[in-house]
Amino acid sequence: MLEQLKKDTKSGMDKAIEALKNAFLGLRTGRVSVNLLDRVKAEVYGVMTPIQQLGNISAPEPRLLVVEVYDKNAVKAVEKAIRESSLGLSPNPDGCIIRMAIPELTKERREELVKLASKYAEEGRVSVRAHRHDALDQAKKSEKEHDLSEDDLERFKKEIQKLTDDYCAKIDEISEQKKKDIMVV
């Protein structure tokens, strides 16, 4: 039972790491990436839809991002969503194509992005700790129902704490690398 609980907890912590990596894809660094718009959603026909489902996103030049919207009626919604996102982009629509010149990041904007990266990292750590908390609650419940000895519970607590510490260290490592990428001029 404890092994399955540990396995489930590890799986949940892995998902927290993946969520953090996905969140970081939407943060600008010094280079343009088509993943920049991954977290942006536009309201089309009353439904919030990710932009990558509404058009083809490409980066034909190092400082240019282009969205070729499939549905002409969705162009305004996509433009509005990009403009209102926290990315600081200025979309220029031309028919079904929306072009965005990507300016160099200012020092202030880089600092804002570092703060945002720190916020995402903290959310990841909170998620990892929540998985630890859930696992410990289940283990304590099993101990109260006499399915688990006190010694096994203590050993399990130590194992889960080590797992939590390892995952928090991974989050810190990923976060520091992203912050370095953002600050590179």
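Each reported figure results from applying straightforward, stated rules to the coordinates on display, with no laboratory input. All of these numbers come straight from a predicted model, not from anything done at the bench. Every residue, glycine as well, gets a Cβ built from its backbone with ideal geometry; the counts of neighbours run over all protein chains shown.
Tyr70 sits among other residues whose Cβ lies under 15 Å from its own Cβ, and their net charge, with Lys and Arg +1 and Asp and Glu -1, is -1.
Over region 34-101, the pair-distance histogram of Cα-Cα distances with 5 Å bins from zero comes to 3, 20, 34, 29, 11, 2, 0 percent, rounded to whole numbers. Taken along the Cα-to-beta-carbon direction at a fixed 7 Å, the label points for Thr49 and Ser149 span 6.0 nm.
Once the Cα atoms are used to define both axes, helix 150-183 deviates from the longest principal axis of the chain by about 20 degrees.
Derived scalar couplings between HN and Hα for region 87-97 equal 7, x, 9, 10, x, 10, x, 9, x, 8, 10 Hz in order, rounded to whole Hz, by the Karplus curve 6.51 cos²θ - 1.76 cosθ + 1.60 (θ = phi - 60°), x for Gly and Pro. Residue pairs exceeding 18 angstrom between C-alpha atoms, taken from Lys6/Lys158; Lys7/Lys162; Lys7/Lys144; Lys10/Lys180; Lys119/Lys170: Lys7/Lys144; Lys10/Lys180.
Computed from the alpha carbon atoms alone, the convex hull of the chain holds 130 Å³ per residue.
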